[in-house]
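The values are calculated or read from the model by the stated rules, or taken from the named source; none is laboratory data. Just so it is clear, the structure is predicted and the values come from calculations on it, not from any experiment. FYI the Cβ positions are ideal-geometry reconstructions off the backbone, even for glycines, and counts take in every protein chain you see. Heads up: the accessible areas ignore ligands, DNA and RNA and are worked out on the full protein's heavy atoms, side chains in. Shrake-Rupley method; radii C 1.70, N 1.55, O 1.52, S 1.80 Å.
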Amino acid sequence: MEKKKKRRKSLATKNAIAGYLFISPFLIGLFAFMFIPLLESLRMCFSQVNINVDEHKFSMVFSGLSNFKKVFLVDPEFVRLLVDELIRMVLDVPATIIFSFFIAVLLNQKFKGRGLVRSIFFLPVILSAGVMVGLETNNTLLQGMQDVIKESNQMSSSITGVLEKILVTTGGSSSVFMEYVFGIVNHVYDIAIASGIQIIIFLSGLQTISQSMFEAAKIEGATEWESFWKITVPMISSLILVNVVYTIIDFFIRTDNQVMEKISETMTQKMDYGFTTAMAWVYFMIVMVVIGVVSAIISKRVYYYE
């Protein structure tokens, strides 16, 4: 027993060392290039920043919590935009996880042209790159097509528009659920674009599940549906946690995030660096709290196996 415990401890130690080695480039880069700027921005949160454009210098005068009071009590937009983005995150993240998991399960099946289909679903990763996002936002043709699609989706004479009105206006909890479903359908393009990395992570996890487990379950009389919930979901639960955290972070730093747009506009147009850094730090802390709460909830359902 003692030998087994020592082996387990040594294996855990080796895994921990390997993990730290993998993240060591990030840690080195963080302390070498980001640690001092983070401290400087933290100083700006509690200071009034005066910029001298002619000499290309700035000075900071300690102002206490005035910038944070301005964030929560004076500025009329930040809190409202933050609440709107949190609500949108609660709606979009589950849809993205479910969509990416469903597509990964389909792509894990054996069929002709599987490599081509996988490549097609990897396109969102390429399309979400900075160059493609710039082309999409600056291209008048794509913007025109997007406007046409939105107008067609909002047409009350269309079948989906009439169906949406019937199902949403019935009242009760079912109408709220249907409104959520139609909201997802209306921006399924955004969900597909944001699901590329998650699909790859889920697909890699599905391929690590031993087929002998499914064969044993089949021999015992388990159906495909039971094998999915008793084998596939538990074995992939750790990657669900990874994808949820990744999706939340990706959502909060998206280019169409209203809070990010406000912080950027305040910094570039008003050049109020004290107020800007206060908003950024408040936003950062709220994001960390959300990730911590979600991770704590999901980690209780995660199944780890050796």
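Some notes on this structure:
- Taking amide H as placed 1.01 Å from N in the peptide plane, GLN48 has its amide H under 5 Å from the amide H of VAL61, PHE62, SER63, each at least 5 places away in sequence or on another chain.
- Cα gyration tensor, the range 192-301 - rounded (a/c under 1.5), prolate or oblate: prolate
- Based on protein heavy atoms only, the range 189-304 ends up with 56 Å² per residue of surface accessible to a 1.4 Å probe.
- Pairs beyond 23 Å (Cα-Cα), from LYS110/LYS300; LYS218/LYS300; LYS57/LYS270; LYS230/LYS300; LYS69/LYS262; LYS14/LYS230: LYS110/LYS300; LYS218/LYS300; LYS14/LYS230
- Using θ = phi - 60° in the Karplus curve 6.51 cos²θ - 1.76 cosθ + 1.60, the 3J(HN,Hα) couplings for the range 27-42 round to 5, 5, x, 4, 6, 7, 10, 10, 5, 5, x, 5, 5, 5, 5, 5 Hz; x is entered for Gly and Pro.
- Within the accessible area of the range 230-301, the carbon and sulfur atoms contribute 68%, probe 1.4 Å, all protein chains present.
- Mean-position separation - Cα centroids, the range 44-120 and the range 238-259, in angstrom: 8 Å
- Accessible-area composition of the range 11-93, carbon plus sulfur, in percent [1.4 Å probe]: 73 percent
- Distance between the modelled labels on LYS270 and LYS57, one decimal in nanometres: 2.7 nm (7 Å Cα→Cβ projection).
- The HN-Hα couplings worked out from phi for the range 202-217 by the Karplus form 6.51 cos²θ - 1.76 cosθ + 1.60 (θ = phi - 60°) are 5, 5, 5, x, 5, 6, 8, 6, 5, 5, 4, 5, 5, 5, 5, 5 Hz, whole numbers, x standing for Gly and Pro.
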